Each structure stands twice: as structure tokens, then as C-alpha cells.
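Only one structure is covered here, and it is reproduced in the block below.
The values are calculated or read from the model by the stated rules, or taken from the named source; none is laboratory data. These numbers come from a predicted model, not from an experiment. Methodologically, a virtual Cβ is constructed for each residue, glycine included, from the backbone with ideal geometry; neighbour enumeration extends over all protein chains shown. When the accessible area is computed, the model is the full protein with side chains, heavy atoms only, and any ligands, DNA or RNA have been set aside. Shrake-Rupley method; radii C 1.70, N 1.55, O 1.52, S 1.80 Å.
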Amino acid sequence: MVLYAPGHPSRTSRSVGIENSSRPYLPVSRNTQGLLRSAFTEAHFNLGHAQFEVGNPTNAVVHYQHAIDSNPEFMQAYYNLGHILLVSGKPHQAVDQLQHAAGLAPSSADVRYLLANAFMLDQQIDLALEQYVEVIALRPEQPRYRYNFGVALSHKGQLHTAATEFRAAIQLNHNYVAARNGLAHALIGLPERKLKQAQEALDTIELAANLTDHENLPVLQTLASAHAAVGDFQQAVSIAERAMKLAEIQSATPATMAQIRKQCEQYLAQIGTPQVDVNSTPQ
């Protein structure tokens, strides 16, 4: 029997994405008070933070830029400005600011992690990979660094290596739902996947589903795919139908609804079929 795999192995599902849980603000510490240089610099730096806190990112950008103009070596201002641009949906502009910050603080894991995420969101995957390697070397105990590295590797189609990173993240945090979803998705997508790997994917994602009370839509989609991967299409259909109901409750996008509907239809078509095309299912 040919094992079942959802989607092309070199592509990453919308259900697996980076976690941009970086520090939203770098303050000026006692050791870096000299960066303020003047009351003008300090005022704009503090106003930038205050404006962002009250939901005025446009004004925050202006103030941080004034602080940088006053002191071009003000790393924290570059970082905070880069963070605001990134969460405002401007990753390319964020990259420019964060590269300045990384040049001023090459050993800062916070800076390199945010820069890696900015490269990812700007679709510069190779550069993101380089930064994730650096940040993991600086802070190997952080599970989210290993997870995002796994996501980047998945985008490059390096699913075996991605699975290794997702496992490392899970070892650091056993209940890391996103990493479990990433690992299961990578294992299911392996073009040469064996039944043992499909079963590992199922075991991995079942715990994630339990941890989220079966109310996490991406996890349910991967759980359905995992059941299909081991040949249990009846259960795959049942879970896909549950995902469809959850998607309706959560007002999911039309694209997500169509994706789940197509999944369900293809699982239904495979019930009772002795051989399954490994590339017949959407991600």
C-alpha cells in the first residue's frame, strides 16, 4: 500500500507558520544610558514607546526615527522601530532597521531572532536560516528558536532537518503545540515516508489536539491528515468535518474553508481504496 501524504513535500501548509513572539520593546539599561546623549534623544525614544503602547504606530515610527537621527548608534531605537514596522506588515522596511541593530549588537539573541523573523516574513528564507543558526548558537535553550528554524527549513523543503528541529523544540517544551503541529506536518509531507513516521505524526498531533481541546483549527487539519496517513480515512473524514464546523464558528477565510472542504472530499474518495496516491491531498 502506498502511504498517503498531504501535499507537495517542498511546501509548507498555512497551518504551520513562524511564531513572532519576540520582545516588543528594548529599554535603555543602566549600561546603555550613554546612548540617549541628549534630552532630545531621550524624549523621542520614550515618546516612540508611549505612542506604540496607545496604538499609534505611525507616530511611534516618527519618534523613533528622530531618536535615530539624533544618535545613529542607538541600537534599542533601531530594534523598537523594526519591531513596529514588522507588526505593521512592513517586513522589508523592518529588515533594514534590524540589520542596523544587529550590526550594533551582534551578540544579542533578541535582535537576531527578530531579524530572522523579518527575513522570513519578507520571503528571504535563506537569510532567515542564517540568522536562526546564529540565534540558536546564542540561546540553544529557547524552544521557539528551534521551532521557527524548523518552519524555515520546511519552506525550503528540508523536511528531515525540519523534523529534527521540531523534535528539539518539543524536548525543550513537551506541550509546545505549534512544534507538535510542525513535526507532524513535516513527517506527513516526507516523500519517502514510512508507516512508522506516519504513526509518529499521528501520536505527536493527537497530544497537541488534546492539549487544545480539539479547538485549534490548524491542529485539527493536521490531525485529519495524520489519520489519513496511516490509512484511517473514516476518522480523517470525521475530523475534517469537525474542522469545517470549527472553521465556520471561527469565521475562517474562504480559502481555509475551501481547503478543508477539499481535504474532506479527498478523504471520502479514498475510503475503501487499497492504494492511495501520495500526492493527491492538499496541504
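Quick rundown of the values:
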{"item": "Answer residue from the range 75-96, given it is among the aliphatic types (A, V, I, L, M) and open to solvent by less than 20 Å² (accessible area, probe 1.4 Å) and is nearest to Val54 (Cα to Cα) among those", "result": "Ile84"}
{"item": "Some residue of the range 185-208 being basic (Lys, Arg), within 15 Å of the chain's Cα centre (by Cα) and open to solvent by 40 Å² or more (accessible area, probe 1.4 Å)", "result": "no"}
{"item": "Counted residues, the range 207-237 - those being within 14 Å of Ile271 (Cα to Cα), among the polar types (S, T, N, Q) and in contact (Cβ under 8 Å) with a residue 12 or more places away in the chain", "result": "2"}
{"item": "Number of positions in the range 167-185 that are over 13 Å from Glu19 (Cα atoms) and either out of contact with any Pro (no Cβ under 9 Å at 6 or more places or on another chain) or not in a helix (DSSP H, G or I) (or both)", "result": "7"}
{"item": "Search result, residues across the range 210-224 that are open to solvent by less than 50 Å² (accessible area, probe 1.4 Å) and in a helix (DSSP H, G or I)", "result": "Leu217, Pro218, Val219, Leu220, Gln221, Thr222, Leu223, Ala224"}
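Every residue, every condition in (1) open to solvent by 30 Å² or more (accessible area, probe 1.4 Å); (2) farther than 14 Å from His155 by Cβ; (3) part of a helix (DSSP H, G or I); (4) at pLDDT below 95, yes or no:
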{"site": "Leu98", "(1), (2), (3), (4)": "no, yes, yes, no"}
{"site": "Ala116", "(1), (2), (3), (4)": "no, no, yes, no"}
{"site": "Gln123", "(1), (2), (3), (4)": "yes, no, no, no"}
{"site": "Asp126", "(1), (2), (3), (4)": "yes, no, yes, no"}
